[in-house]
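Here the structure comes first, spelled out in structure tokens, and everything after it is commentary.
The values are calculated or read from the model by the stated rules, or taken from the named source; none is laboratory data. Just so it is clear, the structure is predicted and the values come from calculations on it, not from any experiment. When we count neighbours, we look across all protein chains shown, and the Cβ atoms used for this are built from the backbone with ideal geometry, even at glycine.
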């Protein structure tokens, strides 16, 4: 038993132990509940409160930073702490720190006798001190759309004390996200500014400006060409309108919204441009600004859904220009048809009916045999010799001789020719004499052929010798044979190499005639003169496309179908030959066109180069195709969708000064926020740049201008009511030029077989000098003359005479006699501008409003609008297929204030990012300290606009005499940043 | 045999002792539950939970405690007349309420100094029945920084009024709102209501969008009122300075029947 009991613990003992521990446990629990406490509760409470304090600090710091964003640090204690590379973010971090220090300092959490406080390391009011604060705060954009703000603050310390004794401390670097788009607003504004200053090589304002100015310039340029009274194709107001519209598009694309006030301004300005604004410089630009701003007010607070403008959102219907073979076809036609020493048709007609024959021989040696000996032996001397030769010709058999592909053998013989040569020699030795005989026999096989062909014509297959040409072939064959002396003679001669080729030509009776040739020529001309190529007009204007080359390659792909005939009969060969001759002439003409175009291109390039790198023109052309209104993309942050409103002052930037009050900007006086400049490169053909083109065409004197230019200038001068300097002198010169050209027409008509009297009568005109000369230069006179002189002629004749007249005019126009002097033309043009301006002033002084509108139209439309302008692209007469003009446009400006408001706020308002030149300040230790400046948003753009109109007329360009047009504010001055109205930073909110 | 009897007894004693131990433990913890009503976790929730609340001018996304502090400022009355209108305080009540338990009540209040006629107060939650046991936690959310020490009644009054007006009418922003057609009328209405309550003419500067002048007039009227009341309330300017308060106080109460 005792053994069994050992090691056994009674259950009761376990029970005692359990009881004892439970009592002890209760004692412990009670002790904790009522006795000395741990600092955890206080620390937890303080940490929780610090979360709200930090959040509030960041919310308010972000609102302050947005209100006065630092873009340039000030040269102050606080400003120097900001890195110049990221002043805005540094300033935000500093503000966060300052707010946080103050707010955390007020946390005072008491739990069970323990007090917990929160602190950040204090900052000294020195540059280093501020720098340390900045280094302890980190801000970053986060979220799917990177719209929210993530902040980390280092060294947040919670300290617990009981009875002034520290009982616990923790240090943390809390990171949290606040739904504040402050960084997004700043980054977008920075991007807006950088794109607003980007050149054409990257997307931004310059490109958008280009896309907007093109349609305006084109529609106005084409209207001017069409006779609309426009003297200023691209004016300050158009640049103003395009700049504003481009800026609004940039706002939408980059900022996410645009100022509806700006949209109204653009709508109003566009309405004016599209409707009443046909004339330039009318009424002064102040009136224009008034019109735009008051119409903007009329449009009211809701921007129109659809822009009423219509002109520049829709690109003009055709931005491509069609370039036709056109007059090159006429020139080629005439070149082929001319009956002078190179009568191409006659030559082709004869050649296609000609058979050419000749004799060919082919000799081969059959054998050579020698009989008999030489010297009889030693001591024998040759005393004399005689030689006799005998040739035997006998018929043989075999193939004809071989001939080149173009030739065919019409008849042949084969002979063996044996030539025996016997040499008798006399030898003497002392008194003895001996005779030896040596015989050499050579036998040849001679093949003789009489061959024929049709003489080759370029790009025409060789003709058949049978059929229409068979008689001629036989005849020629016989003649060649006769000339060579007959078969046996030929055979005999052949082995000595002296056989005659005896070429003979025989022309068959033509189965065709000249008329047929002309018909073919006309047909191919008709099929080629309409061949055209569509090229971007702007590309032509700046010489990026060579239309001559384009047309050439287009024609070459069609060549075979244009040649049409590929038969071998003389008729077909003739017809094809005529077509070939025509197409070759046309190609030559187009090549000359290319050369002329190359000269023009280099002028355009050098003209443009002084303003803009020509390499960027490609960017211009690309931009020109895309005019779009970007739609903002939606952005969300943890609080939902973010919307951004833009408010700029002025919302619409005029080129005239506007009162600050009118655009709701603080302060007195005017704001001149937009300055533009546009230079019309080829303002008129008699100006400097165009001159250099003329210089490159050697036969056109540099001191003379074309009759068309002079006549158009004269016409403008004659419309003026006042006296115009040099008008009568110019009239004389134009009259002489006109007479010279008409004289040339008379000569041509006489050469065409008309009587002198009827020819002279036909060119008479009763019109005024200017109109007469213009009629000659623009082709209307040709039709009139033709009607008078060739009314009874048939179509062929009429066609021919027309071409001859046209060519005569073209040639005569390049004669110095037909070109009035540059000095008289320029003088008159200047005087027209002068008087027009004077007349306008008096009209404006006399009449008001509605009345003056018509009067202004009269003055400007009739006179300035009809002055010629523009650069004739390839201005060689006959190659002139377009008139181009180039405008170099520069625009620069600033927003007096640009504000972005997002729908995130602090309960009393929304976060608003403001760039107004104001000062950014912080409060620290009771002092206001300057951090830096919220610089105004500026922009600068430049581009080149090219307008191309069809040839003729008065071209396209600014004819009001203002080549370098500058708005009143040019060059732009951006006012110094605003010291007078320091922005106030918000006091911290709850 | 002995062994059988002693085992039974042994187990019986053991069970008895375990029973006593259980009673002891229950006795120790049962009354403790009453002590443990604690509002700290609820206060921590308010301080750390965030929620978006829509206002007339956008979304405010911050902690519930911060929402309450802003809403308290916007609920401020002067002699029981409201200074501001707007949907934000109600929206805050709703948001906070949906984040509270049924047996919690939160009160946020602001008064620049004791017995001021200007005060703001917001209460969210269910009031406790009279016999309930209550645990309270208090926290404060500051509304202003950089208040420099002021030594006279008028400078203390001026400083308080300035901080308040700057906070509720931030002049640069309100100016931009007044010149923007999309926001002008709402902001003008805010100024008009405040002007009416404080008996200040705002129309003339309002027509000029001159928010400097507007704020000057509003804070001038407030400052006069504060100075009079401070002189009544405090015996010295020194005690007045110590008695002023730019914090919103939030009290969280959890109750139990």
Return the total of residues in the stretch A:503-513 being buried (at least 18 other Cβ atoms within 10 Å of the Cβ) and modelled with pLDDT under 85. 1
If residue A:960 passes every condition in (1) surrounded by 22 or more Cβ atoms within 10 Å (Cβ to Cβ); (2) modelled with pLDDT of 85 or more; (3) more than 14 Å from chain B (Cβ to nearest Cβ) but one, which one does it miss? (2)
Determine which member of the set A:311, A:276 is at pLDDT below 80 and within 24 Å of the chain's Cα centre (by Cα). A:311
Quick check, is residue A:489 part of a helix (DSSP H, G or I), out of contact with any helix residue (DSSP H, G or I) (no Cβ under 8 Å at 6 or more places or on another chain) and at pLDDT 90 or above? yes
Give the residues of the stretch A:879-906 that are within 13 Å of chain B (Cβ to nearest Cβ) and over 24 Å from residue A:255 (Cα atoms), sorted by residue number. none
Where residue B:182 falls short, out of the listed (1) part of a helix (DSSP H, G or I); (2) surrounded by fewer than 16 Cβ atoms within 10 Å (Cβ to Cβ): (1)
Which residues, counting only those in the stretch A:92-118, are out of contact with any helix residue (DSSP H, G or I) (no Cβ under 6 Å at 6 or more places or on another chain) and under 19 Å from residue A:152 (Cα atoms)? A:98, A:101, A:102, A:105
Kindly establish whether residue A:164 is modelled with pLDDT under 90 and closer than 18 Å to residue A:911 by Cβ. no
If residue A:778 meets every condition in (1) surrounded by fewer than 18 Cβ atoms within 10 Å (Cβ to Cβ); (2) within 45 Å of the chain's Cα centre (by Cα); (3) without any contact (Cβ under 8 Å) to a residue 40 or more places away in the chain apart from one, which number is that one? (3)
Residue that is surrounded by the fewest Cβ atoms within 10 Å (Cβ to Cβ), among those in the stretch B:157-179 that are at the interface with another protein chain (Cβ under 7 Å from one of its Cβ atoms) and in a loop (DSSP other than H, G, I, E, B): B:179
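So that you can scan it fast, the table gives a plain yes or no per residue for (1) part of a strand (DSSP E or B); (2) within 13 Å of another protein chain (Cβ to nearest Cβ):
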| position | (1), (2) |
| --- | --- |
| A:97 | no, yes |
| A:102 | no, yes |
| A:123 | no, no |
| A:130 | no, no |
| A:133 | no, no |
| A:138 | yes, no |
| A:144 | no, no |
| A:152 | yes, no |
Breaking point among (1) within 14 Å of another protein chain (Cβ to nearest Cβ); (2) more than 27 Å from the chain's Cα centre (by Cα), for residue B:252: (2)
Look at residue A:915 and say whether it is surrounded by 24 or more Cβ atoms within 10 Å (Cβ to Cβ), facing chain B (nearest Cβ under 9 Å) and more than 30 Å from residue A:591 (Cα to Cα). no
Is the stretch B:87-99 home to any residue that is within 14 Å of chain A (Cβ to nearest Cβ) and farther than 26 Å from residue B:253 by Cα? no
Could we say that residue A:451 is in contact with a helix residue (DSSP H, G or I) (Cβ under 6 Å, 6 or more places away or on another chain) and either at pLDDT 90 or above or part of a strand (DSSP E or B) (or both) here? no
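Would you check if there is a residue in the stretch B:106-116 being within 14 Å of another protein chain (Cβ to nearest Cβ), in a strand (DSSP E or B) and over 30 Å from residue A:148 (Cβ atoms)?
Yes, that holds for at least one residue.
Of all the strands (runs of 3 or more DSSP E) wholly in the stretch A:154-250, which have at least 2 residues that are surrounded by fewer than 16 Cβ atoms within 10 Å (Cβ to Cβ)?
A:165-172
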How many residues are within 14 Å of chain A (Cβ to nearest Cβ) and over 12 Å from residue B:246 (Cα atoms) when one looks only at the stretch B:122-146? 6
In the list B:206, B:214, which residue meets the criterion of being crowded, with 17+ Cβ neighbours inside 10 Å, without any contact (Cβ under 8 Å) to a residue 40 or more places away in the chain, in a helix (DSSP H, G or I) and more than 12 Å from every other protein chain (Cβ to nearest Cβ)? B:206
Can you confirm whether residue A:792 is in contact (Cβ under 8 Å) with a residue 60 or more places away in the chain and either in a helix (DSSP H, G or I) or closer than 26 Å to residue A:523 by Cβ (or both)? no
Does the stretch A:616-633 contain any residue that is within 14 Å of chain B (Cβ to nearest Cβ) and at pLDDT below 85? no
Working only within the stretch A:643-662, note down all residues that are facing another protein chain (nearest Cβ under 9 Å) and surrounded by 22 or more Cβ atoms within 10 Å (Cβ to Cβ). A:647, A:649
